[in-house]
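Here is the structure we will look at, set down as structure tokens.
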Amino acid sequence: MAEALAEDGTKSAAPPGGAGPAPGVFEQLSAVADAVLYEGYLLYPYRRSSAKNRVRWQFGVLFPRDWVEADGPVTPGVSGSADSWYQRTECLLRVRQPDRARVRVRVRYLQMQRKQVEDAGHGPVESLRTGDGTVHLTFDEALPRECEVEVPLDELLRDGPTVAVGAAAGEDIEPLAEGAGRVVRSREEIRAETTVTAERLSDGLCRIRVHTTNTAPAPPAHTARDEALRRALIATHTLIGGEGVEFVSLIDPPTDLRAPARACRNEFTFPVLGGEAGDAGRVVLSAPIILPDHPQVAPESPGDLHDAAEIDEILTLRTMLLTDEEKREARATDPRAAAILDRVDTMPQEVFERLHGAVRSLTPAAPTTPADRPQGTAGSPVPVTPEAPADRPAWWQEGGDDGLSPTSDTVLVDGVPLAGGSRVRLRPRGRGADAQDMFLAGRIAEVAAVFHDVDGSVHLAVTLDDDPAAELNNWYGRFHYFRPDELEPLEPAGCPDEPSAPAPAAAPARHTTDSETPAAEAE
């Protein structure tokens, strides 16, 4: 009899035939998975009094069904920013070793914990200061929970198991110094279950389905969300690994698997390949936020700041500027806030300097042979005109921009010179494309400008034809950015003497860094 082991040590029944989990399968994803688990857990400025920290936990929240559907059924989506009562993951795997094929599933989430401060008479209070000057605040915390099961693929194909992934109720009491009061931490029971099934699509190809459901009794329909969270799974996400199998990217599937990949139905979650780029699909992270394949935490990051869309340097600088009183309140709010303050207050100068940024994947600034040049959609070279002279100064030196003009420079793609005003169809490259770019595949756009990056590559700024804010974005200089080989020209080459379209007022005639020309600007 296999067992599913929860993080708090409790065990729940798992199907027969399973074996102990192979170590190391999920550890490579631990940093990313923890970042997902605590995404939005606590927002800057990390104080209870902050308005942002009064509405928390917005991703992957699974409530009891009757409560969440009191006003009507939930509408499924591909990410979990909407409250739901279930999460459904489907992904493809190739069977590489049929006699050894096993699937391992780990479900992770937070269990809310009410931290209630009480005075000496055990009456609840919002805050309490002890004799040593320490302030204690009533606040909601959360504990990490997880449960996993490993099953031979053959058993999944016959009869998928259903495993309990809930957590027990509990209460912990912490007396305060000199009998000033106490802190009571209480948790309600979480009742949930996960069903894992498999379907054989063809010889050597299967679809795996993981369905996690909150099965707790619902509180009354009028119960406030903060109270209903006590019975919810928070930041729910799933890790799927295996032995003798290889998972297939749903973002960039092989040509022969595009149809079955599109048929995978994912609701309130978004599965991506984990591990390093180039790994042979050993693990999948199905998260309630949209991620690219092979997500990684930047190596420069010294620790989690919990704030959604965080930028370490900016948040670190802002945290440094908190007043002593604000820091005291943040420390009293939550232990994770206190840990952030400790890390910021003691951060070595060399660690802080690394937060300023990094330029990755540099390429030669001036390709010298046709083989070094970027390729067009039909495999033809993509020359950039005017060609930069070999003795051009580095981009940070005076004269580095001489001869560059985003409004008049052209890029040759499939024999067609693209410049400002050219119309194109977006064809985001498959492997390595930004996840947001994939949603724009096939859309029609107009080129606004051609930009030369500091690493020697080229990006074209475009606006979408069917974007109702296209004119406004053009005026502000906010574009989507694509490489030449990600664009398909829609018009034949015109007369070389034809003038280019007028340049957008905000387009800078400068070199740009990676951060200035992301594959798809989200803001």
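The values are calculated or read from the model by the stated rules, or taken from the named source; none is laboratory data. A quick note: this is a predicted structure, and the numbers were derived from the prediction, not measured. A quick note on method: Cβ atoms are made from the backbone with ideal geometry, for glycine too, and the neighbour counts reach across all protein chains shown. To get the accessible areas, we keep the full protein, side chains included, count just its heavy atoms, and leave off ligands, DNA and RNA. Shrake-Rupley method; radii C 1.70, N 1.55, O 1.52, S 1.80 Å.
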Worksheet entry | Lys, Arg +1 and Asp, Glu -1 on Cβ, resulting dipole of the stretch 130-173 about Cα centre, debye, nearest 20 | 100 debye
Worksheet item: What do you get for Rg/Rh of the stretch 25-116 when both radii come from the Cα atoms and Rh is the Kirkwood radius?
Response: 1.06
Worksheet item: For residue 401 and residue 82, FRET efficiency with R0 = 51 Å and r from the beta-carbon atoms, rounded to 0.05?
Response: 0.65
Worksheet, complete the sentence: Per the 1/(1 + (r/R0)^6) rule, R0 = 35 Å and r from the Cβ atoms of residue 296 and residue 476, FRET efficiency to 0.05 is 0.70
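Ignoring ligands, DNA and RNA, please state the percent of accessible area on the stretch 72-201 from carbon and sulfur, probe 1.4 Å. Walk me through the intermediate numbers first.
Working: 2550 of 5680 Å².
Taking all protein chains in place, the stretch 72-201 shows 45 percent carbon and sulfur surface.
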Worksheet, complete the sentence: Heavy-atom accessible area of the stretch 260-329 with neighbours in place, 1.4 angstrom probe: carbon+sulfur share in percent works out to 55 percent
Worksheet item: Taking the Cβ-Cβ separation of residue 353 and residue 52 as r and a Förster radius of 35 Å, what is the calculated FRET efficiency to the nearest 0.05?
Response: 0.75
Worksheet item: Once both labels are modelled 7 Å past Cα along the beta-carbon direction, what's the residue 325-residue 280 spacing in nm?
Response: 6.3 nm
Response to the item:
Quick note, the stretch 235-334: a/c under 1.5 would make it rounded; otherwise a/b > b/c is prolate and the rest oblate (a ≥ b ≥ c, C-alpha gyration tensor); here it is prolate
Item to complete: Please give the contour-minus-distance gain from residue 71 to residue 200: 0.36 nm per residue of separation, less the Cα-Cα distance, rounded to one decimal in nm.
Response: 42.7 nm
Discussion item. Given the options 245, 280, 201, identify the residue whose Cα lies farthest towards the positive end of the charge dipole of the stretch 198-312 (+1 on Cβ of Lys, Arg; -1 on Cβ of Asp, Glu).
Written reply: 201
Discussion item. Could you check the spin-label model distance between residue 99 and residue 122? Points 7 Å from the Cα along Cα→Cβ, value in nm.
Written reply: 6.5 nm
Fill in: the stretch 162-274 - charge dipole about Cα centre, Lys and Arg +1 at Cβ, Asp and Glu -1, debye rounded to 20
380 debye
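Would you work out the relative contact order for the stretch 41-124, in percent, from Cα pairs under 8 angstrom that are 6 or more residues apart?
On the way: 48 pairs, mean separation 17.1, N = 84.
Normalised by residue count, the contact order of the stretch 41-124 is 20 percent.
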Discussion item. How many angstrom lie between the Cα centre of the stretch 88-130 and the Cα centre of the stretch 260-302?
Written reply: 20 Å
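Roughly how big is the stretch 242-307's charge dipole about its Cα centre, with Cβ charges of +1 (Lys, Arg) and -1 (Asp, Glu), in debye to the nearest 20?
Numbers: 4 positive and 11 negative charges, 74 e Å.
So the magnitude is around 360 debye.
Taking a 1.4 Å probe, which of 48, 54 shows the most accessible area, and what order do the others take after it?
Working: 48 60, 54 145 Å².
The most accessible residue leads, giving 54, 48.
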Worksheet item: What nm distance separates the two modelled labels at residue 441 and residue 174, each placed 7 Å from Cα along Cα→Cβ?
Response: 4.9 nm
Worksheet item: Separation of the stretch 399-414 and the stretch 433-475 by C-alpha centroid, Å?
Response: 16 Å
